[in-house]
1. Quick one: which of ASP38, ASP29 is closer than 28 Å to ASP161 by Cα and in contact with a Gly (Cβ under 6 Å, 6 or more places away or on another chain)?
2. Scan (1) over 28 Å from PRO163 (Cα atoms); (2) open to solvent by 60 Å² or more (accessible area, probe 1.4 Å); (3) basic (Lys, Arg) for the single condition ARG50 breaks and write down its number.
3. From the list ALA45, ALA76, exactly one residue is part of a loop (DSSP other than H, G, I, E, B), free of Cβ contacts under 8 Å to residues at least 60 places away in the same chain and either in contact with a Gly (Cβ under 9 Å, 6 or more places away or on another chain) or not polar (S, T, N, Q) (or both). Which is it?
4. Answer yes or no: is there a residue in segment 63-78 that is farther than 19 Å from MET131 by Cα and among the charged types (D, E, K, R).
5. Any idea which of (1) open to solvent by less than 20 Å² (accessible area, probe 1.4 Å); (2) under 21 Å from ASN70 (Cβ atoms); (3) more than 16 Å from the chain's Cα centre (by Cα) is the one VAL162 doesn't satisfy?
6. Out of (1) touching a Lys or Arg at 6+ places or on another chain (Cβ under 7 Å); (2) under 14 Å from LEU25 (Cα atoms); (3) of a type outside the set (A, V, I, L, M, F, W, C), what's the single condition that is false for ASP155?
7. If I ask for residues that are in contact (Cβ under 8 Å) with a residue 24 or more places away in the chain and open to solvent by 50 Å² or more (accessible area, probe 1.4 Å), which ones from segment 174-186 would you list?
8. Residues that are more than 16 Å from ASP23 (Cα to Cα), at least 2 per element: which helices (runs of 4 or more DSSP H) completely within segment 88-186 meet that?
Amino acid sequence: MDHYAGPAPQTPPGTVAPARPVDALIVVDVQSAFVTGDGAVPAAARIVDRTTELIARARRGGALVVHLQNDGPPGAEDEPHTPGWRLHHPVEAGPMEVVVRKPHDDGFQETPLGGLLADAGVRAVAVCGVMSEMCVQATARTALARGYRVVVPHDAHATQDVPAAPGISEAIPAATVSRVAAYALGSDAEVTVAAADVTFTAPGPTAA
């Protein structure tokens, strides 16, 4: 069932609308392989800091916290039950904090995520984590398609540099890839809000 919360308020270019509370936080693939060691994204320290803050505030606000955990193929750095697959953040498991393992970029595809959000009465989600142009974008896009209000804090998602491809382009810095990935979600997603400005509330009929 879709849960439409109305369009995001429109603001002039270069401005940021005041953040309305969200009632769920989706933390995408903040796993050891992607935020520690040689394979970490360039912005790993920032992403760990921002996601730590978001998780703590979501817990205090009574929001639903969902940790997505990618199951990579055999031999991948995030192959299940390998050190790189482990979630970086400790999970306070309970009715309002869960781990959802996923086999695809999209956190909704072949997972219980959609049912969890619907059952909790969620209407608005903040999406953070890695990688910006893959799992973060895919999950946020499906959330939009299902009628949720979606906030993607600009400083709480990251990815790797895109290497140069002779005859196609020079190398593309990770920060540029992340920014383009967020803007590719379209005008319905809120992508210029800072993580520090995201506020949380418990799901229910009074959620924004």
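1. Working: ASP38 fails: in contact with a Gly (Cβ under 6 Å, 6 or more places away or on another chain).
Just a single option satisfies the conditions, and that option is ASP29.
2. (1)
3. Values: ALA45 fails: part of a loop (DSSP other than H, G, I, E, B).
Going through ALA45, ALA76 in turn, just one is part of a loop (DSSP other than H, G, I, E, B), free of Cβ contacts under 8 Å to residues at least 60 places away in the same chain and either in contact with a Gly (Cβ under 9 Å, 6 or more places away or on another chain) or not polar (S, T, N, Q) (or both): ALA76.
4. No, the conditions are met nowhere in segment 63-78.
5. Checking VAL162 against (1) open to solvent by less than 20 Å² (accessible area, probe 1.4 Å); (2) under 21 Å from ASN70 (Cβ atoms); (3) more than 16 Å from the chain's Cα centre (by Cα), the one that fails is (1).
6. In the conditions (1) touching a Lys or Arg at 6+ places or on another chain (Cβ under 7 Å); (2) under 14 Å from LEU25 (Cα atoms); (3) of a type outside the set (A, V, I, L, M, F, W, C), ASP155 misses (2) alone.
7. At the first step, the residues of segment 174-186 found to be in contact (Cβ under 8 Å) with a residue 24 or more places away in the chain are 174-175, 177-182, 184-186.
If the condition is that a residue be in contact (Cβ under 8 Å) with a residue 24 or more places away in the chain and open to solvent by 50 Å² or more (accessible area, probe 1.4 Å), then ALA175, ARG179, VAL180, ALA184 are the ones that fit.
8. On the way: elements: 113-120, 137-145, 174-183.
Output list reads 137-145, 174-183.
The values are calculated or read from the model by the stated rules, or taken from the named source; none is laboratory data. Note that the coordinates shown come from a computational prediction; the quantities given were computed from them, not determined experimentally. A quick note on method: Cβ atoms are made from the backbone with ideal geometry, for glycine too, and the neighbour counts reach across all protein chains shown. Just so you know, the surface numbers come from the protein's heavy atoms only, side chains and all, with ligands and any DNA or RNA stripped out. Shrake-Rupley method; radii C 1.70, N 1.55, O 1.52, S 1.80 Å.
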